Each structure stands twice: as C-alpha cells, then as structure tokens.
Amino acid sequence: MKLYSNDFDNHSNYIVSLMWDDEAGVWVAICDDIPLALESESLDELINRVRAAAPEIIKLNSLPQRESLCFNMRKLEKMVFA
C-alpha cells in the first residue's frame, strides 16, 4: 500500500489555514481557492469538518475535480512575549 506519493498530477492541491480566534473561542479554517470558511471548538473536529465539506464545496462551485484532494494545512498561532 502506498501512503504517500510525490506525483501530485492526479491531485487537486489546496492550502487551508487553521487559526485560533480568541474573541470567538473557536478554531477557524479558511481556504480562498475553494472557497471554504469553517469553525469548530477543537482542532481535530475542524480538520474532520474540512475533510467532509471540501469535496462538496468543490463540486457545488464547479471547480475542477481530479482523482483525489491534497490539503496542505498550516496552523497559525499568535504568541505574546512577556
């Protein structure tokens, strides 16, 4: 079984930014290319929501669909130094 491939020709690639929203107290996922904007109280739950919603959003927006989706998720975190 091949778990990882360097051949991205058959994949649709998207960058999803994951950020903590202090004011709302939730994690937020944003991807302008799809477009996607979701929020959740836990990071794991948010990632699961992205995995579930992204294919549907891509289909509804008539974006090109390939054999599979590849998400590059990056976590943005604000650090305050005392």
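The number of residues in region 41-82 being part of a helix (DSSP H, G or I), under 16 Å from W27 (Cα atoms) and not small (G, A, S) comes to 9. For region 62-73: of the residues being surrounded by 10 or more Cβ atoms within 10 Å (Cβ to Cβ) and out of contact with any helix residue (DSSP H, G or I) (no Cβ under 9 Å at 6 or more places or on another chain), which is nearest to S17 (Cα to Cα)? Step by step, filter region 62-73, then rank; the result is N72.
Taking region 22-72 as the range and being more than 12 Å from S12 (Cβ to Cβ), of a type in the set (S, T, Y) and at pLDDT below 90 as the test, only S62 passes.
The values are calculated or read from the model by the stated rules, or taken from the named source; none is laboratory data. Only a predicted model underlies this, so the values are computations on that prediction, with no experimental measurement involved. Cβ sites come from the backbone with ideal geometry, for glycine too, and all protein chains shown count toward neighbours.
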